[in-house]
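Enquirer: Sharing a structure here in structure tokens format.
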Amino acid sequence: MTNFGYLLLLLISPVALGAVVNPTPKLLYEIDTEVFPAFCNMIVNSVLTGDPSNPVYDLVYSSFSANPRQLDPIMRIEGVSKKYLDSTQMISSSITDEIVWPNEVAAVPSEIFSLPEVWSVAGGFFLTGKNDGELALMTMTDLIGGQTNPITISSNPTGTLWYYHRVEWYDMNNDGYKDAITARANGGGRK
């Protein structure tokens with residue numbers, strides 16, 4: 001494996017009785033990556049979690065390249081919260097490379113869909129070839145060959161090339177349903 005970057009797991013010492021025991025973070029684990037990592041997130045893996053009070057997490061990270069002909073994979077280390085002490089189990093796999101310049105990947109609140117493990121991803125950037133971004137959803141329970149097929153939820157009726165960095169979920173119009181909230185931009189100005 002060619003080493004392109006590192007992901008670091010840091011342990012921050014706990015605060016006990018109002019006093020900081022040891023405020024110096026210590027390196028818990030370092031992972032060589034086969035892509036340039038960008039955004040990372042810890043997402044609960046409901047399949048591996050037996051006891052809801054002791055969830056198991058996946059480490060998910062996006063990557064991107066300025067080369068418009070190069071694919072940009074989203075990677076996952078399944079069950080990282082249980083495996084990090086055994087380096088032989090710290091295996092990353094690509095879950096999709098269909099999003100251009102993927103940024104933040106996050107879990108969609110479980111009450112929005114009747115499906116478990118739906119993730120959102122925001123993509124795109126202002127570089128030519130990477131500037132036609134999108135907001136997409138990925139169902140993680142029906143992987144085909146380890147891959148998911150993202151479903152675009154953003155619209156582009158005017159043809160403007162937008163890019164997105166993250167999605168928040170909030171009921172903006174008080175209709176009882178959470179809405180996808182994002183900021184979008186393009187290379188030509190603000191919107």
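Enquirer: Quick check, is E168 open to solvent by 30 Å² or more (accessible area, probe 1.4 Å), touching a Pro at 6+ places or on another chain (Cβ under 8 Å) and not hydroxyl-bearing (S, T, Y)?
Expert: no
Enquirer: Something else: Given the criteria over 16 Å from the mean Cα position of the chain (by Cα) and touching a residue at least 60 places away in the same chain (Cβ under 8 Å), does N173 qualify?
Expert: No.
Enquirer: Can we say D32 is assigned to a loop (DSSP other than H, G, I, E, B), over 18 Å from M138 (Cα atoms), open to solvent by 50 Å² or more (accessible area, probe 1.4 Å) and of a type outside the set (A, V, I, L, M, F, W, C)?
Expert: Taking the combined requirement at face value, the residue does not satisfy it.
Enquirer: Within region 141-165, how many residues are touching a residue at least 24 places away in the same chain (Cβ under 8 Å), open to solvent by 50 Å² or more (accessible area, probe 1.4 Å) and hydroxyl-bearing (S, T, Y)?
Expert: Residues that pass the stated criteria total 1.
Enquirer: Please give the number of the condition M138 fails out of (1) closer than 30 Å to E30 by Cα; (2) open to solvent by less than 30 Å² (accessible area, probe 1.4 Å); (3) assigned to a loop (DSSP other than H, G, I, E, B).
Expert: Going through (1) closer than 30 Å to E30 by Cα; (2) open to solvent by less than 30 Å² (accessible area, probe 1.4 Å); (3) assigned to a loop (DSSP other than H, G, I, E, B) one by one, M138 breaks only (3).
Enquirer: I'd like to check something: does region 97-116 contain any residue that is buried (at least 17 other Cβ atoms within 10 Å of the Cβ), assigned to a strand (DSSP E or B), in contact with a Pro (Cβ under 9 Å, 6 or more places away or on another chain) and at pLDDT 90 or above?
Expert: yes
Enquirer: Just a yes or no: is a residue in region 74-84 at pLDDT below 80 and of a type outside the set (V, I, T)?
Expert: Yes; the residues of region 74-84 include at least one that is at pLDDT below 80 and of a type outside the set (V, I, T).
Enquirer: Let me ask something else. For region 142-160, which residues satisfy the criterion of being closer than 16 Å to V105 by Cα and either touching a Pro at 6+ places or on another chain (Cβ under 8 Å) or outside any strand (DSSP E or B) (or both)?
Expert: Scanning region 142-160 gives T148, N149, P150, I153, S154.
Residues are listed down the side, and each one gets a yes or a no for (1) modelled with pLDDT under 90; (2) on the phi > 0 side of the Ramachandran plot; (3) aliphatic (A, V, I, L, M):
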{"residue": "V20", "(1), (2), (3)": "yes, no, yes"}
{"residue": "P23", "(1), (2), (3)": "yes, no, no"}
{"residue": "K26", "(1), (2), (3)": "yes, no, no"}
{"residue": "D32", "(1), (2), (3)": "yes, no, no"}
{"residue": "V47", "(1), (2), (3)": "yes, no, yes"}
{"residue": "L59", "(1), (2), (3)": "no, no, yes"}
{"residue": "S65", "(1), (2), (3)": "no, no, no"}
{"residue": "L71", "(1), (2), (3)": "no, no, yes"}
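Enquirer: I'd like the residue in region 54-92 that is in a helix (DSSP H, G or I) and not small (G, A, S) and, out of all such residues, is surrounded by the most Cβ atoms within 10 Å (Cβ to Cβ).
Expert: V80
The values are calculated or read from the model by the stated rules, or taken from the named source; none is laboratory data. This structure is a prediction, so every number in the text was calculated from the model and none was measured. Note: ideal-geometry Cβ built from the backbone for every residue, glycine included; neighbour counts use all protein chains shown. The accessibility values were calculated without ligands, DNA or RNA, using every heavy atom of the protein model including side chains. Shrake-Rupley method; radii C 1.70, N 1.55, O 1.52, S 1.80 Å.
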